[in-house]
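Taking it in order: structure first as structure tokens, then the write-up.
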Amino acid sequence: MPRLDEFLPEYEVRERHERYVGAGPETAVAAALGIPVAPDGLVRTLFRVRGLPRGGSVLGSLRAIGLEPLVEEPACVVLGAAGRPWSPRARLVPFDKAGPGQVRIAVEISAVAAAPAESVLATETRVAATDRASRRAFRAYWLAVGPFSALIRRRWLRAAERALG
């Protein structure tokens, strides 16, 4: 059972990507959290267009935009926040402080053993609206942003695999 189920068992949006990597779960998660948040030119461009930080690690950048740890284990990290990501000036608030007109966001980076010295490294993001207005606003936002978010997550996993050699 994903640890995300503890925080967002019901959600409007779920995005999951996974990749087999040649490392144990703890090493795989550490690699995924430690890779550059913008591991290639395309991701750097997407981050620049959105006004997101392009430097630092995945973990550092997620923390810098306001996601806070909900679970910190060697093979699983869950970060969460609440806010209005469709509004460029809105800041994220703690996950448990979500209010009307906001969505809760939870991101899990985890790995499970698949064979000796091999694991399935995954990233999963879930978003749940607090009300009908935020659900509508987020769905419109996600139509534009969702495909790029998926592309970034897949590139993060590929970069983590390369970092593991």
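Figures for the structure shown
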| read-out | value |
| --- | --- |
| Complete set of residues in the stretch 70-93 that are without any contact (Cβ under 8 Å) to a residue 40 or more places away in the chain, outside any strand (DSSP E or B) and not aliphatic (A, V, I, L, M) | SER87, PRO88, ARG89, ARG91 |
| Any pair with Cβ under 8 angstrom, 6 or more apart, that starts in the stretch 94-112 at a residue that is closer than 19 Å to ALA64 by Cβ and open to solvent by less than 20 Å² (accessible area, probe 1.4 Å) and ends at one that is aromatic (Phe, Trp, Tyr) and not in a strand (DSSP E or B) | ALA106/PHE7; ALA106/PHE95 |
| Condition check for PRO88: over 16 Å from the mean Cα position of the chain (by Cα) and either modelled with pLDDT of 90 or more or open to solvent by less than 40 Å² (accessible area, probe 1.4 Å) (or both) | no |
| Cross-chain or 6+ apart pairs with Cβ under 6 Å, the stretch 35-55 first and in a helix (DSSP H, G or I), then open to solvent by less than 70 Å² (accessible area, probe 1.4 Å) | VAL43/ILE152; VAL43/ARG155; ARG44/ALA38; PHE47/ALA38 |
| Residue in the stretch 56-66 that is modelled with the lowest pLDDT, counting only those that are within 22 Å of THR27 (Cα to Cα) and not basic (Lys, Arg) | GLY56 |
| Enumeration of residues in the stretch 10-24 that are loosely packed, with under 15 Cβ neighbours inside 10 Å, within 18 Å of SER134 (Cα to Cα) and more than 12 Å from the chain's Cα centre (by Cα) | GLU10 |
| Output for the stretch 123-141, where each listed residue is part of a helix (DSSP H, G or I) and of a type in the set (D, E, K, R) | ARG132, ARG135, ARG136, ARG139 |
| Matching entry among THR123, THR130, THR45 (being farther than 22 Å from PRO9 by Cα and β-branched (Val, Ile, Thr)) | THR45 |
| Condition broken by LYS97, with the remaining ones in (1) at pLDDT 95 or above; (2) touching a helix residue (DSSP H, G or I) at 6+ places or on another chain (Cβ under 7 Å) satisfied | (2) |
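The values are calculated or read from the model by the stated rules, or taken from the named source; none is laboratory data. Bear in mind the structure is a predicted one, so any value in this text is a computation, not a measurement. Because the Cβ atoms are built from the backbone with ideal geometry, glycine has one as well, and the counts that use them run over all protein chains shown. In case anyone asks, the SASA skips ligands and DNA or RNA and just uses the protein heavy atoms, side chains included. Shrake-Rupley method; radii C 1.70, N 1.55, O 1.52, S 1.80 Å.
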